[in-house]
Ligand code: APR
Ligand code: PHB
């Protein structure tokens, strides 16, 4: 089997890269270790930056997103018993002259739309591929091998894109050649999905002495809530009732009063971590998305960073095949990392400001209160939050 670009992983990074390359007439094959149903059953983040929305639109894949997604002009910060609105649209309009919004549309739905488009165009995806192995990417003839139904298969290609997430094989293959930057946070998020109307029409990020809470949503009838929990906590310890009681305690009185509760349809605990592997290129192997970096979900940046990586990578590959220039491929790692680090910084800052840390004591608490108060009092401070939350600009605004 032969292709131009072998893509490892059918998460948002791999699927989006495949769609961008296909649109430019570049052949690609996706190799995924799980089944399609497994990938679609994963509940992940839900906030798309304008840049990510525009990428899906440019691919002609925005129809369902615009019909079912919810456009948000602001977010709310809850602390000290009250809520304060950050007017994302107004603040970004003032900062740059162009107001920006975010789109609340689940990553699961983005994945479904991308898989659907791939099926419509009959693009090859190999699911349930075991023992995926990357070969010869330091030379001119890379290969990917895997085992399916007991038979070893080989794919010859020009380039390999490692879009296989944090636990994938691509980064592991180059482990001895990367430098890792990491921060593991001393808590996790317990998330609940429920078919109940959202407590507010915008997202609420709450800082409370009992710990962080987030009120998000998937639609007008489906809510997604999170509370900060101990790393040792197990999902089985948290009954629905205990979750709702704890969430209510961390919200302002009005939100607590309005909260509609119901049975959970998904409940899970995720640890929080900041992680960056440098560089993102090794000969003819490129890492993108969670394979190269992880951010804590507080800034809603994970999926959007995966999208910006593959945008840079797709443009570089298109320039290689169409214009015979490798400048973009040579620049990819440094360019992607510049944007990654800004999102890493923002996600770390939001995480530090919103959570209860076991080791910072009452001093840390007072500093957080001062910072939150400053944010809602100072327009420049709120602007800085807004421009990062809606997503910083790409370095190249259009494919030349
Ligand atoms: N071989 C093939 N596929 C693999 C392998 C492997 N060895 N290991 C993992 N995969 C697959 C996973 O099953 C998954 O489908 O790679 C895919 C990686 O997808 P994601 O983990 O979703 O990562 P990415 O596409 O980079 O998406 C960015 O943003 O919201 C955040 O973390 C969230 O998933 C999200 C991410
Ligand atoms: C979500 O809806 O899952 C979500 C929203 C915002 C975040 C993190 C997660 O910052």
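Here, each number is a calculation from the coordinates, and none is a lab measurement. All values reported here derive from a predicted model rather than from experimental measurement. Heads up, the Cβs are rebuilt from the backbone with ideal geometry, glycines too, and the neighbour counts pull from every protein chain shown.
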Per the rule of 0.36 nm per residue minus the C-alpha distance, extending residue 138 to residue 183 adds in nm 13.2 nm
Pairwise centroid distance, computed over Cα atoms, of region 229-249 with region 302-327, Å:
42 Å
Using 0.36 nm per residue, how much length does the chain from residue 40 to residue 322 gain when fully extended, once their Cα-Cα distance is taken away?
98.2 nm
Return 342, 301, 267, 335 ranked ascending by Cβ neighbour count within 10 Å, so the fewest neighbours appear first.
342, 267, 335, 301
Using a Förster distance of 25 Å, how high is the FRET efficiency between residue 239 and residue 357, based on the Cβ-Cβ distance and rounded to 0.05?
0.40
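When a footprinting reagent is the concern and you count Cβ atoms within 10 Å, what order do 8, 30, 294 take, fewest first? Intermediate results must be reported in sequence, preceding the final value.
Values: 8 30, 30 26, 294 22.
Placing the least packed residue first, the sequence is 294, 30, 8.
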7 Å from Cα along Cα→Cβ at both residue 381 and residue 67: what's the point-to-point distance in nm?
4.4 nm
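Given a Förster distance of 35 Å, report the FRET efficiency between residue 366 and residue 395 from their Cβ-Cβ distance, rounded to the nearest 0.05.
0.35
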Centre separation in Å (Cα based) which lies between region 41-118 and region 137-164:
35 Å
Taking only C-alpha pairs under 8 Å that are 6+ residues apart, what is the relative contact order of the chain in percent?
20 percent
Given the options 36, 23, 237, state which has the largest fluctuation in a GNM of the chain using a 10 Å cut-off (strictly under) for Cα springs.
237
Nearest 10 degrees, 0 to 90: helix 361-377 Cα axis against the chain principal axis
90 degrees
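Hey, what did region 91-155 get for relative contact order, percent, Cα under 8 Å, at least 6 apart? Can you show the working numbers first?
Values: 47 pairs, mean separation 10.7, N = 65.
16 percent.
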Give me the distance in nm between label points sitting 7 Å out from Cα along the Cα-to-Cβ direction at residue 374 and residue 54, one decimal.
3.1 nm
Say we join alpha carbon atoms closer than 10 Å with springs in a Gaussian network model of the chain; which of 310, 39, 98 then has the biggest fluctuation?
98
What's the extension gain from residue 93 to residue 167 if we count 0.36 nm per residue and subtract their Cα-Cα distance?
22.7 nm
Residue with peak Gaussian network fluctuation, the chain [Cα springs, cutoff 10 Å], from 188, 364, 165:
364
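For the chain, what ratio Rg/Rh do Cα atoms give with a Kirkwood hydrodynamic radius? Kindly include the intermediate steps, with their values, before the conclusion.
Details: Rg = 21.3 Å, Rh = 21.9 Å.
When Rh is taken as the Kirkwood radius, the ratio is 0.97.
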